[in-house]
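The values are calculated or read from the model by the stated rules, or taken from the named source; none is laboratory data. The shown structure was predicted, so the numbers you read here are calculated from the model rather than taken from an experiment. A quick note on method: Cβ atoms are made from the backbone with ideal geometry, for glycine too, and the neighbour counts reach across all protein chains shown.
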Ligand SMILES: [Ca+2]
Ligand SMILES: [Ca+2]
Ligand SMILES: [Ca+2]
């Protein structure tokens, strides 16, 4: 071997160094901090959004509907959960329980809510619940589906989270979901109801808490149904 010839073992050292360095970079790139872990009690990262670990509250049997608003006018946002059915083994009966989770800032909890069952707690199949001031008195009311009777019902709020039954309107077959919005631009919140078993949606026009179908005369009293 001449003196100016590069030693073969030097080439092998350089090749080994490059191989180890590349492997280190590759491993570091795969060792991402957003890998899911089981039994994670701290914040978790999902697609760039951080969620703290949840707190769970008892919300009755088969809770399905949820809505939020300041129901008792204390400038703190509460929420209400509707339970649809009571479970008894494999059979169920209509429930209708509404559970109020009232914001209680005196608690040191991350989510300081105290829960209570609110009236009217009539046994009826309440699949969904939605909140808005439907009668224009600046107090947030509720509308629930009375699914087993093919109706929706307005529960009027007195401003202290006390609700009274303000009558029903018949809609389609098995109403299961509600949304609200002012679709005719008269500054009164209207309703749309999805009716599962006749594959339809009912649009109800609001007139100061009286719901009717457009171009028909309707009363909100419980013994007066409105139809197309
Ligand atoms: Ca409140
Ligand atoms: Ca109201
Ligand atoms: Ca409207």
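Overview of results
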{"quantity": "Positions within region 154-174 being within 21 Å of the chain's Cα centre (by Cα) and touching a residue at least 60 places away in the same chain (Cβ under 8 Å), in sequence order", "calculated": "154, 157, 161, 163"}
{"quantity": "In region 90-105, the residues that are more than 18 Å from residue 145 (Cβ to Cβ), touching a strand residue (DSSP E or B) at 6+ places or on another chain (Cβ under 6 Å) and assigned to a loop (DSSP other than H, G, I, E, B)", "calculated": "104"}
{"quantity": "Residues satisfying the stated conditions in region 155-177, i.e. crowded, with 17+ Cβ neighbours inside 10 Å, at pLDDT 95 or above and within 16 Å of ligand 2 (Cβ to nearest atom)", "calculated": "155, 156, 157, 161, 163"}
{"quantity": "Entirely in region 165-211, the strands (runs of 3 or more DSSP E) that have 3 or more residues that are closer than 23 Å to residue 121 by Cα", "calculated": "175-181"}
{"quantity": "Selection count, region 63-102, where residues are in contact (Cβ under 8 Å) with a residue 60 or more places away in the chain and more than 16 Å from ligand 1 (Cβ to nearest atom)", "calculated": "4"}
{"quantity": "Residue within region 176-188 that is out of contact with any strand residue (DSSP E or B) (no Cβ under 7 Å at 6 or more places or on another chain) and farther than 30 Å from residue 103 by Cβ present", "calculated": "yes"}
{"quantity": "Residue 87, sole failed condition from (1) part of a loop (DSSP other than H, G, I, E, B); (2) more than 15 Å from the chain's Cα centre (by Cα)", "calculated": "(1)"}
{"quantity": "Any hit, region 89-98, residues being farther than 22 Å from residue 174 by Cβ, modelled with pLDDT of 90 or more and either within 16 Å of ligand 3 (Cβ to nearest atom) or surrounded by 15 or more Cβ atoms within 10 Å (Cβ to Cβ) (or both)", "calculated": "no"}
{"quantity": "From 68, 57, residue being within 19 Å of the chain's Cα centre (by Cα) and assigned to a strand (DSSP E or B)", "calculated": "68"}
{"quantity": "Residue within region 116-134 that is modelled with pLDDT under 95, in a strand (DSSP E or B) and either loosely packed, with under 14 Cβ neighbours inside 10 Å or away from ligand 2 (no atom under 16 Å from the Cβ) (or both) present", "calculated": "yes"}
